[in-house]
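Every number here is computed from the coordinates shown, using simple stated rules; none is lab data. Everything numeric in this text was worked out from a predicted model, so none of it was measured. We place every Cβ from the backbone using ideal geometry, glycine too, and count neighbours over all the protein chains shown.
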Amino acid sequence: MATREALWDYRDEFGDAFGRTYFRRFGPGVASSIGIGTYLGDPTLAVDDAYREAIGLALRSGVNHVDTAVNYRCGRAERVVGEALRNSPIDRDAVVVATKGGFLPFDGDRPDDPAEFVRERFVEPGIVAPDDLANGAHAIAPEYLEWSLDRSLDRLGLDAVDCYYVHNPETQLATRSRDAVYDQLEAAFELLERRRAAGDVGAYGVATWDAFRVAEGDERYLSLAEVLSRAEAAGEAVGPGDDHGFEAVQLPFNVAMADAFTRRNQRSPGGDSDGDPDAEPISTLEFAHEAGLSVVTSASIGQGELAVEGAIPADVDATLAGETPAQRALNFARSAPGVTSSLVGASDVDHLRENVAAGTFDPLGASAFDAVFE
Ligand SMILES: NC(=O)c1ccc[n+]([C@@H]2O[C@H](COP(=O)([O-])OP(=O)(O)OC[C@H]3O[C@@H](n4cnc5c(N)ncnc54)[C@H](OP(=O)(O)O)[C@@H]3O)[C@@H](O)[C@H]2O)c1
C-alpha cells in the first residue's frame, strides 16, 4: 500500500524537474497530477510488452499514479501493471495504484460468445446473480465486487490497492431505479469499508462516464451528494468510528468534454454553505472540491483525438502551456480547479515521454482557467 512517507520521498526525488503544483495531495500523501491509464489497446502480447515498458518508464520519470481496471484489455492490463511495478526500481509504496470493479472481466482474450462466457464463468458458479446484472455484463452487488476485488489483487500480484473505484455505476440505471442504484452503492461501500479496515484497500470512490457530467434530469444522472451520503452511512454502519474511505471521483474531462466544470448539476444536501436549501446547483468539480474529494480525469486528451494539431480550439490553445497539442490538452485537464490528477493512456514510449514532459509546464491558475470559458 502507498504510504505517506514513500509518496513524499518520491516527490522529493522528482519534484524539482516539474512545474508548479505537479504533485498534489492524493491518497495518504501526494501523487503526480499526470497519471498513466491502461484502458485502450488490443488484448495481445505485443500491447502487453508496450504497456509494460511505458509504465516502467513512467514510474522512473516522475509519474507515480497508475490507473487500471479488472476488465481492461480482457484482464491483461492489471497483470501488466503488477509486472511493471515488480520490475521497477521504484518502491511500490511510492505509487498510488488504482483499479476498478463493475464490468465482468474476460480472461485474457475476447470469447467468441460473450453471453455464454458470462453464463458459464459468472452466473452458473454463483459469482453473479442474474438479477444483479445490467446490460448482461455489469454488476456492483457486494458479493460480486468482493470476488472482483480479490481477482484484481491476484492479477496485480499486490496485497492492497490504494484506490478502488466502483466502475461506471450509472450502467445499473439501465435495469433499476435511481434509488435502487444508490442502495446498491451503499451496500458496495459497506463492503469496501470492511476491506479498508482489513488493509486491502486504501480508499475508494466511483469512476463514472456519464453520471456526473449529464444534466440532473438525464436518465444517466447520479447525485454526488447522495453518493457521498451513502458512503457516510456505510462508514457509520461498518465503524468503529464514523469516518469513511470515499475519497475519489473519476470522470471524463478534456477540452471537448468539460461538463464537470461547465454544467451546474450538483446540489449540496443542506443547500449552500449557509444552509440555503434553494441555493443554485454547482458543478461537479466545485462540489467535489467543497467536499474534499479528489477528482481524477479520464480521457484527458480525448482518447488521442486532441493530440492532433488544430483539434483544440485556437483561442483555448493559445492560453495553454506545452510544446505539442497533446501536452496542451493534458495541461488543460490538470489545470481545472478541483482536479487532482489527469490520466493519459500511453502504450507508446514516445507518447509517454511527451506526456510526462507536459508536467514541466505550469498549469493555468484558477482565474486564467475561468477566463477560458468567458
Ligand atoms: N471510468 C471510465 O469509464 C474510464 C473510461 C475511459 C478511461 N478511463 C481511464 O482513463 C485513462 C485515460 O483515458 P483513455 O486512455 O481512454 O484516453 P486518453 O488518455 O485521452 O487517450 C489515450 C490515447 O491517446 C494516445 N496518446 C497518448 N499520448 C499521446 C500523445 N502524446 N500523442 C498522440 N497520441 C497519444 C494513446 O495511444 P498509445 O497507446 O499508442 O500511446 C491512446 O490511444 C484510461 O487509460 C483509463 O485508465 C476510465
The stretch 4-372 - share of DSSP beta bridges that are antiparallel (%, nearest 5): 25
Two-site label geometry, residue 218 and residue 366: point separation in nm, points 7 Å out along Cα→Cβ: 2.6
From phi via Karplus (6.51, -1.76, 1.60), per-residue ³J(HN,Hα) for the stretch 304-310 in Hz, x at Gly/Pro: x, 5, 8, 7, 9, 3, x
Amide H contacts under 5 Å for residue 69, placed H, 5+ residues apart: 78, 100
Within the stretch 191-226, backbone nitrogen closer than 16 Å to the virtual label 7 Å beyond the Cα of residue 179 toward Cβ: 223, 226
In order through the stretch 162-173: 3J(HN,Hα) via Karplus (6.51 cos²θ - 1.76 cosθ + 1.60), integer Hz, x for Gly, Pro: 7, 9, 10, 9, 6, 8, 6, x, 4, 4, 5, 5
Per-residue ³J(HN,Hα) for the stretch 321-333, Karplus 6.51 cos²θ - 1.76 cosθ + 1.60, θ = phi - 60°, Hz, x for Gly and Pro: 8, x, 7, 10, x, 4, 5, 5, 4, 5, 6, 4, 4
Net charge dipole size for the chain [Lys, Arg +1 and Asp, Glu -1 on Cβ; Debye, nearest 20]: 680
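Under 14 Å from the Cβ of residue 109, count the other residues' Cβ atoms, weight Lys and Arg +1, Asp and Glu -1, and hand me the total.
Neighbour charge sum, excluding residue 109 itself: 0.
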Sorted by Cβ density within 10 Å, fewest first, the residues 309, 186: 309, 186
For 229, 367, 298, order by how many other beta-carbon atoms lie within 10 Å, fewest first: 367, 229, 298
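Arrange the following residues from fewest to most other Cβ atoms within 10 Å of their Cβ: 55, 301. Don't skip to the answer; put the middle values down first.
Values: 55 27, 301 30.
Ordered by Cβ neighbours within 10 Å, fewest first: 55, 301.
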Over the stretch 4-372 - Rg/Rh using Cα atoms and the Kirkwood inverse-distance radius: 0.95
Label point distance in nm, residue 74-residue 25, each placed 7 Å from Cα along Cα→Cβ: 4.3
